[in-house]
């Protein structure tokens, strides 16, 4: 089990790095809207988590003789998920703290303009107060790292649950025909 988890966890972590770099390059080269940037970010985070499914399937088919219980599939998937979650959180935290320290500030400024158009003056003032508190937290490296790990772990847990349900194949009981 250990080899499978390491192999597919590293595949997912490497894919997270590649997708992060590709997204960064796309955002650097092309001028796209903030909504499209958000979709690109989601894709960069979620697409590499497909290796959870492939890891569970590989373990079932190649290591466990075509059998896997729901709980074993869940265990394999959750262990695979930890590597890309930690790796992406590290990459993203380094990016927002050292490479682009204005990352959250830019998002904040865009959201301020959007809320200015849609909220009343009282609601707007309250929302700005909340957003300033959130901005302070987002610029804290430990908080930022923790939130990204939890976010990707939650997404990975959903993918693991779905994969475990789809891929489970319990060991069939052999019935004695001589009775």
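What follows draws every value from the coordinates through simple rules; no lab data is involved. Keep in mind that what you see is a predicted model, and the values were worked out from it rather than measured. Because the Cβ atoms are built from the backbone with ideal geometry, glycine has one as well, and the counts that use them run over all protein chains shown.
Points to keep in mind about this one:
- In this simple spin-label approximation, residue 50 and residue 158 carry label points 7 Å from Cα along the Cα→Cβ vector, and these lie 1.7 nm apart.
- Note that the chain, at 25 °C in a medium of 0.890 mPa s, gets a Stokes-Einstein diffusion coefficient of 132 µm²/s from its Kirkwood radius over C-alpha pairs.
- Here r is the Cβ-Cβ distance between residue 146 and residue 31 and R0 is 25 Å; the resulting FRET efficiency, rounded to 0.05, is 0.20.
- With neighbours defined as other Cβ atoms within 10 Å of a residue's Cβ, the residues 11, 59 order from fewest to most as 11, 59.
- Ranked by the mean number of other Cβ atoms within 10 Å of their residues, highest first, the peptides 26-36, 105-115 come out as 105-115, 26-36.
- Modelled label reach - residue 1, point 7 Å along Cα→Cβ, the range 61-75 residues with backbone N closer than 13 Å: 64, 68-75
- On the basis of the beta-carbon distance and an R0 of 30 Å, residue 171 and residue 24 show a calculated FRET efficiency of 0.05.
- Axis of helix 70-94 versus longest Cα principal axis of the chain: the two differ by about 30°, to the nearest ten degrees.
- Inter-label distance for residue 10 and residue 61, nm, one decimal - labels placed 7 Å from Cα along Cα-to-Cβ: 2.1 nm
- Distance from the range 116-146 to the range 1-61 (C-alpha centre basis), Å: 28 Å
- Angle in degrees between helix 103-118 and the longest Cα principal axis of the chain, rounded to the nearest 10: 70 degrees
- Dimensions of the range 93-151 along the principal axes, based on C-alpha atoms and rounded to the nearest Å, stand at 36, 20, 17, largest first.
- Degrees, to the nearest 10: 141-167 long Cα axis against longest axis of the chain: 40 degrees
- Per residue, the convex hull volume that the Cα atoms of the range 1-106 enclose (Å³): 102 Å³
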